[in-house]
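**Q** Here it is, the structure in full.
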Amino acid sequence: MLRLFGIVISIGLADSMNPSTIAPGLYLALGERARTSLTEFTVTVFAVNFVGGAVIALGPGEVILHLVPHPHATARYILETIAGVVMLIAAVVLWVKRRSLRQRELPSPSAEGKSAILLGLTISAVELPTAFPYFAVIAAIVGSGRGPLRQLIALALYNIAFVVPLILMIALLEFAGDRAKRIIESARDWLQRHWPTLLAVLALVAGVFVTLLGITGLAGGQHNTVGRLSRRFRRPFTH
């Protein structure tokens, strides 16, 4: 179970630097009723993504588990490897296109007639169908063969990790007082210049970690040096 939690948290943290959620969060943090609006936005993003993931995992995913009630370990390791490779491909694409991406202005949504809740709902609903890292996480969760409750816990951990930057902004507004908006403005300027590189590095780290878990799982059954090293690497994550 620890292995599964490590996978979902690492991918969630990498995916958390998605400008489609951070940029609106920064916008709300610099507006009126900043803390309340940002909290509403964060809760909505979490809720929509969690419910959407649960519907997929416990709907089609549960059907698959009924057809294959005890998925072979090899299938789980293959799904882990696929999830890691998805992140590595995303890291490469971001790195190759980092110069052109950072020339684009971070989106600043209009506040006209749009509450923070509606903003979070709209953004999450639009982004969910193309959230490939999340689909990789869902595939790993379904392939783990765990029961519905543990699958929901894993989905919740991913989505908590996904909104960590928004949670940090809320904490900053709560505890930093008058300095909070100056810090957030500086963070927005820094993010504008460096977000593609930062996201590429996070995706690379998460992708390497998850891919290693999958590959060492596949290699761990061998009775040679590679197998022994693979089992030793996986030992802390096998419970």
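The values are calculated or read from the model by the stated rules, or taken from the named source; none is laboratory data. If you're wondering where the values come from, they're calculated on a predicted model, not measured in any experiment. Neighbour counts run over all protein chains shown; Cβ positions are idealised from the backbone, glycine included. Keep in mind that these areas ignore ligands, DNA and RNA; they rest on the heavy atoms of the full protein, side chains included. Shrake-Rupley method; radii C 1.70, N 1.55, O 1.52, S 1.80 Å.
Rundown of residues vs (1) part of a helix (DSSP H, G or I); (2) open to solvent by 30 Å² or more (accessible area, probe 1.4 Å); (3) in contact with a Ser or Thr (Cβ under 7 Å, 6 or more places away or on another chain), yes/no style:
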| site | (1), (2), (3) |
| --- | --- |
| Glu127 | yes, yes, yes |
| Pro133 | yes, no, no |
| Ala140 | yes, no, no |
| Ala154 | yes, no, no |
| Leu172 | yes, yes, no |
| Ala180 | yes, no, no |
| Val205 | yes, yes, no |
| Gly214 | yes, no, yes |
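**Q** If Tyr158 satisfies all but one of (1) among the aromatic types (Phe, Trp, Tyr); (2) under 13 Å from the mean Cα position of the chain (by Cα); (3) closer than 17 Å to Leu88 by Cβ, what's the number of the condition it fails?
**A** (3)
**Q** What are the residues in segment 171-190 that are at pLDDT below 85, among the hydrophobic types (A, V, I, L, M, F, W, C) and over 12 Å from Ala29 (Cβ atoms), if any?
**A** Result: Trp190, single match.
**Q** Out of (1) exposed (fewer than 15 other Cβ atoms within 10 Å of the Cβ); (2) of a type in the set (Gly, Ala, Ser); (3) within 27 Å of the chain's Cα centre (by Cα), the odd one out for Gly221 is which?
**A** (3)
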